1. Working only within region 70-90, note down all residues that are out of contact with any helix residue (DSSP H, G or I) (no Cβ under 9 Å at 6 or more places or on another chain) and not in a loop (DSSP other than H, G, I, E, B).
2. Filter region 25-70 for residues that are of a type in the set (Lys, Arg) and closer than 15 Å to Tyr10 by Cα; which is modelled with the highest pLDDT?
3. Can you tell me which of (1) open to solvent by 70 Å² or more (accessible area, probe 1.4 Å); (2) within 20 Å of Thr11 (Cα to Cα) is the one Ala105 doesn't meet?
4. So, in region 71-103, exactly how many residues are under 18 Å from Asn27 (Cα atoms), modelled with pLDDT under 90 and small (Gly, Ala, Ser)?
5. Test Val110 against the criterion of being in contact with a strand residue (DSSP E or B) (Cβ under 7 Å, 6 or more places away or on another chain), in contact (Cβ under 8 Å) with a residue 40 or more places away in the chain and open to solvent by less than 20 Å² (accessible area, probe 1.4 Å), and give yes or no.
6. Among Lys59, Lys77, Lys70, Lys53, which is the only one that is basic (Lys, Arg), within 15 Å of the chain's Cα centre (by Cα) and more than 12 Å from Ala98 (Cα to Cα)?
7. Quick test of your reading of the structure: Ile6 fulfils all but one of (1) touching a residue at least 24 places away in the same chain (Cβ under 8 Å); (2) buried (at least 17 other Cβ atoms within 10 Å of the Cβ); (3) not acidic (Asp, Glu). Name the failing condition by number.
8. Open to solvent by less than 50 Å² (accessible area, probe 1.4 Å) and more than 24 Å from Leu41 (Cβ to Cβ): which single residue out of Ser100, Ser87, Ser81 fits that description?
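The values are calculated or read from the model by the stated rules, or taken from the named source; none is laboratory data. Please read these numbers as outputs of a predicted model, since none were measured by experiment. Every residue, glycine as well, gets a Cβ built from its backbone with ideal geometry; the counts of neighbours run over all protein chains shown. Quick note on the areas: whole protein, heavy atoms, side chains included, nothing else; ligands and nucleic acids left out. Shrake-Rupley method; radii C 1.70, N 1.55, O 1.52, S 1.80 Å.
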Amino acid sequence: TTMAEIKGKYTIECVYGDLYQFSLFANNGQLLYESREYATLASCKSGIETFKKNVQDEKTKTRIDVDKNKNYKFIIKNGNSIYVGESYKTKTAAENSAESVKRFALISDVVVK
């Protein structure tokens, strides 16, 4: 398997008519992370670069939280930047997803829809 075959994908979409949001997908199409909304396309692209930098930083902390419905989600925190993942039924699934986010963050292409 070459690196090209295991690339994920960032997609940028216009949401709510005038805001932009990016999503990170694994190579198998699984949604790994959805960002908050950004006011402009440029700020959304900048947000991807910040996200890449922050999830790879050695100061970044990852934790797994459980909600009132007993679902698990990962939280990746670096300084004032906090990234919260989707909900998962098991702690292991949330941990695996957090690791996938870190792995795919740097090896994914950006596609504007």
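1. Once the filter is applied, which keeps residues that are out of contact with any helix residue (DSSP H, G or I) (no Cβ under 9 Å at 6 or more places or on another chain) and not in a loop (DSSP other than H, G, I, E, B), region 70-90 yields Ile82, Val84.
2. So in region 25-70, the residues of a type in the set (Lys, Arg) come out as 36, 45, 52-53, 59, 61, 63, 68, 70.
Now narrow it down to the ones that are closer than 15 Å to Tyr10 by Cα: 36, 45, 52-53.
Details: Arg36: 93, Lys45: 96, Lys52: 93, Lys53: 91.
Selected residue: Lys45.
3. For Ala105, the exception is condition (1).
4. Going through region 71-103 one residue at a time, the tally reaches 1.
5. On the way: in contact with a strand residue (DSSP E or B) (Cβ under 7 Å, 6 or more places away or on another chain): yes; in contact (Cβ under 8 Å) with a residue 40 or more places away in the chain: yes; open to solvent by less than 20 Å² (accessible area, probe 1.4 Å): no.
It is false that Val110 is in contact with a strand residue (DSSP E or B) (Cβ under 7 Å, 6 or more places away or on another chain), in contact (Cβ under 8 Å) with a residue 40 or more places away in the chain and open to solvent by less than 20 Å² (accessible area, probe 1.4 Å).
6. Details: Lys59 fails: within 15 Å of the chain's Cα centre (by Cα); Lys77 fails: more than 12 Å from Ala98 (Cα to Cα); Lys70 fails: within 15 Å of the chain's Cα centre (by Cα).
Checking each option against the conditions leaves just Lys53.
7. Tallying (1) touching a residue at least 24 places away in the same chain (Cβ under 8 Å); (2) buried (at least 17 other Cβ atoms within 10 Å of the Cβ); (3) not acidic (Asp, Glu), Ile6 fails exactly one: (2).
8. Numbers: Ser87 fails: open to solvent by less than 50 Å² (accessible area, probe 1.4 Å); Ser81 fails: more than 24 Å from Leu41 (Cβ to Cβ).
Just a single option satisfies the conditions, and that option is Ser100.
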